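Worksheet for the structure shown next.
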Amino acid sequence: MKHLLLACLFPMALTVQTMQQLTEQLGKTVLYGDIALSPDGKHVAWVQSTAATTSKHTYIRETSGSASAAMVNIPRAGERT
C-alpha cells in the first residue's frame with residue numbers, strides 16, 4: 001500500500017515542479033503590441049511588456065541601420081507633463 005501511495009504522489013510532485021517552471025518561463029515571455037510605422041517609413045514604434053507584469057513600455061527605432069531601440073516615456077492618463 002505504501003508503494004502504491006508513493007507511485008501515485010510522485011508523478012503529481014513532478015507535475016507541480018514542471019508547472020512552476022512553465023509558469024516562470026511564461027512570465028519571461030515578451031509581448032509586443034500596437035506596432036506602428038511612421039508615415040515616411042523611417043521609424044517603427046511598439047509597446048512591449050512581459051506576461052508576468054502589467055507594466056508596458058513604448059519603444060521607437062529607425063527601420064534602417066543598427067541603432068538600438070529607445071524607450072519613450074509617455075505619461076499615463078491623468079498625469080500632467
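Across q = 0.15, 0.20 Å⁻¹, the stretch 16-59 modelled as identical point scatterers on its alpha-carbon atoms has Debye log10 I(q)/I(0) values of -0.49, -0.67, in the order of the q list.
By how many nm would the segment from Leu22 to Thr63 lengthen if fully extended, with 0.36 nm per residue of separation less the alpha-carbon distance?
That works out to 11.3 nm of additional length.
Couplings 3J(HN,Hα) for the stretch 18-27, derived from phi with the Karplus relation 6.51 cos²θ - 1.76 cosθ + 1.60 (θ = phi - 60°), are 5, 5, 5, 5, 5, 4, 5, 5, 5, x Hz, where x marks Gly and Pro.
Bear in mind that the values in this text are calculations on the coordinates, not laboratory data. Everything numeric here is computed off the predicted structure, so don't read it as measured data.
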